[in-house]
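The values are calculated or read from the model by the stated rules, or taken from the named source; none is laboratory data. Note that the structure is predicted; figures quoted are calculated from it, not measured. Because the Cβ atoms are built from the backbone with ideal geometry, glycine has one as well, and the counts that use them run over all protein chains shown.
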There are 2 protein chains.
Amino acid sequence: MTNNHIVDLFLNPKSVAVIGASKNIVKGGNRIVHNLTLNNYKGKIYPVNPTAKGEIYGLEFKKSVLDIEDEVDLAIFYVGNRLIPGLLEECIQKGIKGALIEASGFEEVGKKGLELRDKIVEITDTFSKIRIVGPNCMGLTKIDENSNSEDKGGFFSGFGVFEKYKRGNIAVVSQSGMLNGGYLMHIMQKYPELGFRYSCSIGNKMDLSEIEFLEYFLDDPTVNVIAIYLESFKDPRKFIELCRKAKKIPKKTIILVKGGLTTQGQKATLSHTGALAENSQLLEAIIKQSGVIQANSFDELFQFARTFSMIYETDKKLPTKGGVSTIVGSGGAGTLIADLTMKYGLRLPTLGDDSYKALVEVFPEWMPPNRFSLVDIWPAMEKAMMERKDRDLVIKAAYDAVLSEPEIEGLFNMMFCSRRFRSMWNIPNMVKNARMTPKPIFFYLIGEAKEVRYLSEKLGGENIPCFSELEDMIKNFGILVQESKNKAGN
Amino acid sequence: MTNNHIVDLFLNPKSVAVIGASKNIVKGGNRIVHNLTLNNYKGKIYPVNPTAKGEIYGLEFKKSVLDIEDEVDLAIFYVGNRLIPGLLEECIQKGIKGALIEASGFEEVGKKGLELRDKIVEITDTFSKIRIVGPNCMGLTKIDENSNSEDKGGFFSGFGVFEKYKRGNIAVVSQSGMLNGGYLMHIMQKYPELGFRYSCSIGNKMDLSEIEFLEYFLDDPTVNVIAIYLESFKDPRKFIELCRKAKKIPKKTIILVKGGLTTQGQKATLSHTGALAENSQLLEAIIKQSGVIQANSFDELFQFARTFSMIYETDKKLPTKGGVSTIVGSGGAGTLIADLTMKYGLRLPTLGDDSYKALVEVFPEWMPPNRFSLVDIWPAMEKAMMERKDRDLVIKAAYDAVLSEPEIEGLFNMMFCSRRFRSMWNIPNMVKNARMTPKPIFFYLIGEAKEVRYLSEKLGGENIPCFSELEDMIKNFGILVQESKNKAGN
C-alpha cells in the first residue's frame with residue numbers, strides 16, 4: 001500500500017483471491033480472472049472454488065481461502081448471494097482485510113436481501129473485521145499503462161473484460177455497474193483520445209461508498225477529473241465537505257450525475273440499488289451546496305469529463321467571465337452560436353481597435369469583418385485564394401487578432417470536413433494555433449462523417465476538444481466558466 | 001407546371017439559363033451546370049456567358065439569354081452583383097418569368113447593396129415583371145429519385161454538387177446557404193436513412209420568401225415535414241396563419257430554428273442576410289402563436305425532422321398524453337430515463353394486473369419486474385438463457401405486455417451493441433416488433449461504435465428512430481406529444 005487510506009487496499013492489493021472462479025468462460029468468475037491476468041495484474045491471484053479442479057489461466061484452484069498459504073489482501077466474490085456470509089467468515093478467519101462483492105441479490109431485491117445484509121453486518125462486526133466494496137457491483141479498475149504499450153495493464157477486477165484502454169486523468173465512481181462496464185467501453189470508442197485512471201463500481205455501497213473514493217481521488221495527483229454517478233448520498237454532509245475541498249485543489253473537478261432526482265427516477269433506483277426515496281428539494285440543496293458540475297445523463301457526464309480532462313492536460317486557463325470569440329465558415333451557424341452563447345451565459349465581446357484592424361487586414365473590402373467577435377472567415381479565405389496567399393496565415397491572423405483581446409477567454413472554431421478539403425488542412429498548424437495560447441480552443445466539426453472522425457481523432461489526440469453538435473460545444477464552454485467561478489468562490 | 005403556384009416555376013422549370021456558366025471547374029457557374037446535368041435535370045439547359053466559347057458538359061454557350069431561340073422558364077444567376085440589374089433587364093425582355101440569384105453582395109453588405117436592391121425593384125416593377133428567389137442563396141433542389149437508382153435525380157440548381165441522396169418526405173427552407181449545402185450533406189451522411197424531397201435556399205428573400213415555399217409545401221402531399229431556418233419573418237401574420245393551417249393537415253409538421261432570437265444573434269444576422277434587428281419578445285410571440293415545433297440548432301432541427309419523417313412514413317400514431325414504457329439492460333440508465341421523462345413532460349404509467357402478470361411470467365422469481373413500466377430486461381434474459389429458451393420470445397413478451405396498456409403510447413428500447421452480441425440479434429424480429437404496433441418505438445443504442453452504426457443503419461433503414469444519446473431520445477418523444485397537442489388544439 002502506498003498510503004494508509006482504505007481505498008488503497010482495494011485499488012492496489014498485493015494479492016487477491018477470486019471466490020467463485022470458474023473454468024466456464026461465460027461465468028463472471030472466469031472473466032474476473034481473465035481480466036486480471038490479461039491486463040498484467042502484478043500481484044498474486046488465487047482462484048477459489050470448492051468444486052473446481054486443475055488450473056485456470058495457469059493458476060491452480062484452491063478449495064477455500066483457508067487453503068491459501070500466503071497472505072491475501074483482497075477477496076473478490078462472484079458467487080450466489082446466499083453463500084456470501086459463510087465465505088466472508090472464512091475470509092475474516094484468513095485475515096483478509098477487504099472484500100469486493102460483485103454478486104447481486106441484496107438490498108435491491110427486498111426482504112430476503114435485507115436479511116442477508118443484516119447477517120453480513122453481524123459477521124463483520126459492522127465492517128470492522130473486514131471492509132466491503134459492493135455488493136451488486138462490477139469491480140474496480142486501475143489503469144497504469146495504455147493497452148497498446150508493453151507495460152499495459154493495472155488492476156482490472158471486474159467481470160467486464162477490457163482489452164483496449166488508455167491511461168488518463170479521469171476517475172469514475174459509479175452506482176451503475178453498466179457505467180463501469182459496457183458504457184465505459186462505449187465511451188472509450190466514442191472518444192478514443194480519452195484516458196482513464198480509475199473506474200470504480202460501488203454498487204449498493206453496504207460499507208465503502210462514494211465518500212472514501214472521493215477522499216482518495218482528491219489526494220491522488222494523477223486524477224484531475226472525478227466523474228460520479230450516484231443513486232443516493234451515503235453521507236450528504238461529508239459529500240458537500242469533500243466537494244468544497246476539491247474546489248481549493250488546482251486542476252481538480254468533480255462532475256456528478258444524480259439518478260433518482262424525480263419521483264419517477266426514485267421508483268427506479270429502489271429496484272436497482274435499493275436506494276430509498278429521498279426528498280427532491282433536499283437533493284437539490286445538497287447538489288447546490290456541493291457546487292459540483294452537474295450532468296443530466298451519462299453522455300453529458302463523459303462529455304464534460306472529456307472537456308475538463310483536456311483543459312487540464314494542456315494547462316489551459318479556465319475562462320472566468322465567459323467572453324468568447326467564434327470563427328465560422330457559415331453565417332447561419334454563426335448566428336446560432338451567437339444566440340446560444342446567451343443561453344449559456346457567454347458573450348461575444350466587441351473587438352478593440354487594434355485587433356479589429358488586424359482582422360480588416362485579411363478581409364476583402366467588399367465584406368469587412370464584424371466589430372463584435374464573430375468572425376465569418378470565408379471572405380478572408382476567398383481573398384487569400386484570389387491573391388494566392390497561404391490560407392493558414394489568414395487563420396493565424398484571425399486567431400492572433402481575437403485572442404489578443406483580454407476579454408476574449410476562448411475560441412470556437414467551426415470547420416467543414418470534406419475529403420476534398422483534406423489536402424488544405426495543415427493539422428500541425430491547427431494544433432500549434434490551439435496550443436500557443438492558454439485560452440481554451442474548441443472545434444465544431446461537421447461534414448463527411450469519415451472526415452469528421454479523422455480530424456476529430458487527430459485533434460482529440462492532442463487534447464483539443466472537438467464537438468459535432470453546436471449546442472454541446474457552447475454548453476461545455478459554459479461549464480468551464482461555472483467551474484472557474486466555483487473555484488474562485490471558495 | 002403542375003399547378004399554378006409561383007414556386008412551381010422555380011422547382012419544376014421546363015428550361016433554365018445559367019447566367020455566369022463557366023468552364024473553370026472551381027467557379028460556381030460551372031458547378032451549377034454540373035449539378036444539373038449530373039443529376040439528370042430533364043428540362044433544357046442554356047449556359048450563358050458573353051466571353052466563353054464552345055461547350056460545357058456538352059452544352060453550347062450562349063452570349064446572352066437573348067440569343068436563346070426557345071422559351072426559357074428560369075434564369076439562374078452566378079455573376080458579380082453589379083452585373084445583375086442589366087442582365088435582369090435582358091431576362092425580362094426575353095420573357096423569362098423567374099430569376100434564381102445565387103450571387104451575394106446585396107442587403108448584407110450595407111449601403112451599396114441596398115442601392116443595387118432598389119435598382120432591381122425598379123427594373124422589375126416591384127417583381128411584377130419577373131419573380132426572384134435570392135439573392136445570396138445556394139439554389140433550389142428537388143429530389144425525384146434516389147442517387148443510387150437508374151432514374152436518379154431531379155432539379156439540382158445549387159453550386160454545391162450533390163452526388164449521393166435519397167428521396168424522402170422532408171422539405172428544407174433556409175436562410176443559411178450552408179444548411180442547403182455542406183450541412184445537408186453532413187446530415188445525409190450522419191443519417192443515411194434520411195430522405196429529402198426539397199431543399200430550398202431563400203437567401204436574402206428580396207421577393208419570394210418562406211411564405212410562398214410554405215404555401216407550396218403545405219399543398220404538396222409528398223412532403224410531411226418542413227424544416228425551416230429563418231433569420232427574419234417576412235410576413236409574421238401570414239407565417240402564423242400558414243403554420244396553423246399545417247396543424248389541420250394530417251401528417252404535416254413544421255419545425256423551425258429561428259436565428260437572431262437574442263441581441264447577440266441579431267448582430268450576427270445583420271451581416272449575414274441583412275436581416276434587421278427584431279424585438280425579441282415579439283419574435284417569441286410569433287413563434288408561440290404559430291405553434292411550430294421549435295429547435296435550437298441545425299443538429300436539433302434535423303434530428304426532430306428525422307423523427308417526424310419516420311413516424312409519418314410508418315403510419316405511427318402521435319402520443320397524446322406522454323405515457324411511455326422503457327426496456328433497458330441497465331438499472332442506472334433506467335433511472336436516468338425515468339428522471340428525464342419528467343423533464344420532458346412524459347411519464348411511466350403503472351402496469352395493470354394483466355400486463356404485469358404477463359411480464360412476471362418471463363422474469364425469474366429472484367428479480368421480479370417493476371409495477372411501473374420500466375422494464376430492466378436483464379434478469380428475464382438470464383432466465384431464458386438458463387432455461388435454454390429463445391431470448392427473442394422474452395423481448396416479444398415484454399413488448400406485448402407493456403404495449404397492451406392503453407396508457408402506454410410508445411416504447412424506449414435500450415440496447416448494448418457489441419460484435420459479440422451480433423449473432424444474438426434477430427434484426428427482422430426487432431423490426432417486426434417495432435412495426436406490429438401503431439405506437440412509436442425508439443431505440444437507444446450504445447456500445448462499440450461500429451456495431452452501433454451497423455444496427456442504427458439497419459433499423460433506421462426501416463424508419464425506426466435510433467439515438468445514441470439518452471436525452472435526445474426522450475426529447476424527441478416529447479416533441480411528438482407536443483405536436484399531437486398542437487394538432488388537437490386546432
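What the table below lists for this structure:
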read-out	value
Selection count where residues are among the small types (G, A, S), out of contact with any Phe, Trp or Tyr (no Cβ under 9 Å at 6 or more places or on another chain) and assigned to a helix (DSSP H, G or I), scope the stretch B:310-350	1
Tally, over the stretch B:389-418, of residues that are without any contact (Cβ under 8 Å) to a residue 40 or more places away in the chain and within 13 Å of chain A (Cβ to nearest Cβ)	2
Number of the exception - A:I32 against (1) at pLDDT 95 or above; (2) assigned to a loop (DSSP other than H, G, I, E, B)	(2)
Candidates B:N49, B:N39 - the one that is farther than 16 Å from B:G139 by Cα, among the polar types (S, T, N, Q) and within 36 Å of the chain's Cα centre (by Cα)	B:N49
Positions within the stretch A:361-372 being more than 10 Å from chain B (Cβ to nearest Cβ) and crowded, with 17+ Cβ neighbours inside 10 Å, in sequence order	A:V362, A:F363
Total residues in the stretch B:247-262, condition part of a loop (DSSP other than H, G, I, E, B), aliphatic (A, V, I, L, M) and more than 14 Å from chain A (Cβ to nearest Cβ)	1
Residues located in the stretch A:351-409, provided they are among the hydrophobic types (A, V, I, L, M, F, W, C) and either touching a Ser or Thr at 6+ places or on another chain (Cβ under 7 Å) or assigned to a loop (DSSP other than H, G, I, E, B) (or both)	A:L351, A:F363, A:W366, A:M367, A:F372, A:L374, A:V375, A:I377, A:A401, A:V402, A:L403, A:I408
Members of the stretch B:452-465 found to be buried (at least 18 other Cβ atoms within 10 Å of the Cβ) and within 19 Å of A:Y183 (Cα to Cα), listed by number	B:V452, B:L455, B:S456
Answer residue from the stretch B:334-360, given it is surrounded by fewer than 16 Cβ atoms within 10 Å (Cβ to Cβ) and not small (G, A, S) and is nearest to the other protein chains (Cβ to nearest Cβ) among those	B:K343
Of the criteria (1) touching a residue at least 60 places away in the same chain (Cβ under 8 Å); (2) of a type outside the set (K, R); (3) under 26 Å from A:D151 (Cβ atoms), which one A:V79 fails	(3)
Complete set of residues in the stretch B:92-116 that are assigned to a helix (DSSP H, G or I) and either within 20 Å of B:I211 (Cα to Cα) or not assigned by TED's automatic domain parsing to the domain that holds B:I19 (or both)	B:E107
Options A:I286, A:I240: the member that is closer than 28 Å to A:V109 by Cα, among the β-branched types (V, I, T), assigned to a helix (DSSP H, G or I) and away from chain B (no Cβ under 14 Å)	A:I286
Sole exception among (1) modelled with pLDDT of 95 or more; (2) within 14 Å of another protein chain (Cβ to nearest Cβ); (3) surrounded by fewer than 24 Cβ atoms within 10 Å (Cβ to Cβ) for A:L301, by number	(3)
Hits in the stretch B:332-350 (condition: farther than 19 Å from A:E300 by Cβ and free of Cβ contacts under 8 Å to residues at least 60 places away in the same chain)	B:R347, B:L348, B:P349, B:T350
Residue match in the stretch B:453-473 (condition: on the phi > 0 side of the Ramachandran plot and under 24 Å from the mean Cα position of the chain (by Cα))	yes
When residues of the stretch A:207-218 are limited to those that are over 15 Å from A:L9 (Cα atoms) and surrounded by fewer than 23 Cβ atoms within 10 Å (Cβ to Cβ), the one farthest from the other protein chains (Cβ to nearest Cβ)	A:L218
Residues (touching a residue at least 24 places away in the same chain (Cβ under 8 Å), farther than 23 Å from B:L88 by Cβ and aliphatic (A, V, I, L, M)) located in the stretch B:1-56	B:L38
Hits in the stretch B:161-186 - residues which are closer than 24 Å to B:P221 by Cβ, crowded, with 24+ Cβ neighbours inside 10 Å, in contact with a helix residue (DSSP H, G or I) (Cβ under 8 Å, 6 or more places away or on another chain) and not small (G, A, S)	B:Y165, B:I170, B:V172, B:V173
The listed residue being assigned to a helix (DSSP H, G or I) and either in the same structural domain as A:T350 (by TED's automatic domain parsing) or in contact with a strand residue (DSSP E or B) (Cβ under 7 Å, 6 or more places away or on another chain) (or both), out of A:L455, A:L445	A:L455
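Residue-wise test of (1) closer than 26 Å to B:V481 by Cβ; (2) surrounded by 23 or more Cβ atoms within 10 Å (Cβ to Cβ); (3) at pLDDT below 95.
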residue: B:E387; (1), (2), (3): no, no, yes
residue: B:V402; (1), (2), (3): yes, yes, no
residue: B:N413; (1), (2), (3): yes, yes, no
residue: B:S418; (1), (2), (3): no, no, yes
residue: B:M424; (1), (2), (3): no, no, yes
residue: B:K432; (1), (2), (3): yes, no, no
residue: B:K439; (1), (2), (3): yes, no, no
residue: B:K450; (1), (2), (3): no, no, yes
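Quick grid of which residues meet (1) surrounded by fewer than 18 Cβ atoms within 10 Å (Cβ to Cβ); (2) assigned to a strand (DSSP E or B):
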{"residue": "B:N4", "(1), (2)": "yes, no"}
{"residue": "B:V7", "(1), (2)": "no, no"}
{"residue": "B:P13", "(1), (2)": "no, no"}
{"residue": "B:V18", "(1), (2)": "no, yes"}
{"residue": "B:V26", "(1), (2)": "yes, no"}
{"residue": "B:Y41", "(1), (2)": "no, no"}
{"residue": "B:E69", "(1), (2)": "yes, no"}
{"residue": "B:A75", "(1), (2)": "no, yes"}
